[in-house]
1. I need the trypsin sites (Lys or Arg not before Pro) found in the range 61-138, filtered to DSSP loop residues with at most 12 other beta carbons within 10 Å of theirs.
2. Could you tally the net charge around M87, taking each other residue with its Cβ under 14 Å from the Cβ of M87, Lys/Arg +1 and Asp/Glu -1?
3. Extension gain T132-D108, at 0.36 nm per residue separation less the Cα-Cα distance, in nm?
4. I'd like the accessible area for D116: 1.4 Å probe, protein heavy atoms, all chains in place, Å² to the nearest 10.
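The values are calculated or read from the model by the stated rules, or taken from the named source; none is laboratory data. Not measured: the values here are computed from a predicted model. All Cβ positions, even for glycine, are placed from backbone atoms using ideal geometry, and neighbour counts span all protein chains on display. Side chains included, ligands, DNA and RNA excluded: accessible areas come from the protein's heavy atoms. Shrake-Rupley method; radii C 1.70, N 1.55, O 1.52, S 1.80 Å.
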Amino acid sequence: DPADSNGAKIFTVNEEYASCGGNKVLRLAMMKADPVVDSERVESAQESVSKRLAPGDDEVVHSSLDEDRRAQVQATLVRIMKQHRTMSHRNLVSELLVQLKAWLRPSDKEIKRSIDALIEKEYIARHETDSTLYIYMT
C-alpha cells in the first residue's frame, strides 16, 4: 500500500477499469487521508459529548426518553397487531422484542403498561373467552 511521508495511506482509482459493457463506471481523483484534520474532528466530537447538562436537565431528559420509549413500544405493538389481527400474549411479546432488539429492550412492566394503554385507547382488546389472546380493533 502506498503511503506518504507522514504514514498516511494514499488511495487511487484504477483508471483503466471498465464494466462488462466496456463503459467507464467511476472516475475519482487521488484521495489522501489527512491525520491532522481527522484528529481535529475526533477531538471536536469528544468535546461536544463531554459537555454536561445543567443540574435540573437530567430529569427532563429522562422523562423525555421514557416518553419516547413508550411511544415506540406502543407503535410497534399496533403495527404487529394490525398485521396479525389476533395474537397470543406470548407471541405478541416475542414479536415485539424481535422488532425492537436493535433499538431498545423494554422491561416486562413497560410492555404490560403499553398493552394496557392500547386496550384503554381501544386499539386492541382482549378476547372474550381466552384472556391470553389480543384482537386488533379496526
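1. Those satisfying the criteria are R85, K101, K121.
2. For residues surrounding M87, the net value is +3.
3. On the way: separation 24, 0.36 × 24 = 8.64 nm, distance 1.53 nm.
Roughly 7.1 nm would be gained on extension.
4. Answer for D116: close to 50 Å² accessible.
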